[in-house]
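FYI, it's all coordinate maths here, none of it is from the lab. Just so it is clear, the structure is predicted and the values come from calculations on it, not from any experiment. Methodologically, a virtual Cβ is constructed for each residue, glycine included, from the backbone with ideal geometry; neighbour enumeration extends over all protein chains shown.
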Amino acid sequence: DGGITQSPKYLFRKEGQNVTLSCEQNLNHDAMYWYRQDPGQGLRLIYYSQIVNDFQKGDIAEGYSVSREKKESFPLTVTSAQKNPTAFYLCASSIPGLNTEAFFGQGTRLTVV
Amino acid sequence: AQKVTQAQTEISVVEKEDVTLDCVYETRDTTYYLFWYKQPPSGELVFLIRRNSFDEQNEISGRYSWNFQKSTSSFNFTITASQVVDSAVYFCALSETGYNKLIFGAGTRLAVHP
């Protein structure tokens, strides 16, 4: 089945540690996105990539980093510089430039302990 | 600046009631796209509808219908004869033409009780 796979579903991190969230898609989409969701708030864009080896900052990129070495993969690293990393993280993909719908993964819930 | 407002934080209804979820947007663009997504308890967002700014026709899909009014910058979503399975968080979103970046509203949590 085509879709987006995020792993792990739940992640616990100690303060001061970096952690990487995985996102893989087999939809053959060029564009991929990372969103953050906090309780009672909508999704906010962290980073996005329209093509392999290229990515841009979204609205809340500070404390995060990404890479896009393969079309299928867009991992997100939450660094120790992110002051409030506890949140639900959603990865998405789409066909770029056509304003088509984005397809979302099931998310990773990150908790800092 | 672009903005999406979903003023209803939570709505609670009894099964078979009709319910309307409100969405008001702001944009300076003349060409833009509006979306509705459903987020069930499992967490992923499920696409429901996309509408471009030049198409003001209302749309009906089964028990779902959407009312797009450019004059009031609104894109409201109605569920007719609600069911327990409709319980979820619903998001309205906006994107500019040529960009797939979505600006989301805060979401409306809908609880349908038997």
Practice problem: Kindly establish whether B:TYR32 is touching an Asp or Glu at 6+ places or on another chain (Cβ under 6 Å) and either under 30 Å from A:GLN6 (Cα atoms) or surrounded by fewer than 14 Cβ atoms within 10 Å (Cβ to Cβ) (or both). | Solution: yes
Quiz item: Quick one: which of B:SER53, B:SER73 is among the hydroxyl-bearing types (Ser, Thr, Tyr), over 11 Å from the mean Cα position of the chain (by Cα) and on the phi > 0 side of the Ramachandran plot?
Solution: B:SER73
Quiz item: Taking segment A:42-76, which residues are without any contact (Cβ under 8 Å) to a residue 24 or more places away in the chain, among the charged types (D, E, K, R) and in contact with a strand residue (DSSP E or B) (Cβ under 8 Å, 6 or more places away or on another chain)?
Solution: A:ARG44, A:LYS57, A:ASP59
Quiz item: What number of residues within segment B:1-17 satisfy the criterion of being more than 14 Å from chain A (Cβ to nearest Cβ), exposed (fewer than 12 other Cβ atoms within 10 Å of the Cβ) and under 18 Å from the mean Cα position of the chain (by Cα)?
Solution: 0
Exercise. Could you pull out every one of the strands (runs of 3 or more DSSP E) wholly within segment A:67-113 that has 1 or more residues that are facing chain B (nearest Cβ under 10 Å), within 13 Å of the chain's Cα centre (by Cα) and buried (at least 20 other Cβ atoms within 10 Å of the Cβ)?
Key: A:87-94, A:108-112
Practice problem: State yes or no: is A:LEU45 part of a strand (DSSP E or B) and aliphatic (A, V, I, L, M)? | Solution: yes
Practice problem: Would you check which residues across segment A:1-24 are of a type in the set (D, E, K, R) and surrounded by 15 or more Cβ atoms within 10 Å (Cβ to Cβ) and list them? | Solution: A:ARG13, A:GLU24
Quiz item: Has segment B:10-20 got at least one residue that is under 29 Å from A:PHE55 (Cβ atoms) and in a strand (DSSP E or B)?
Solution: no
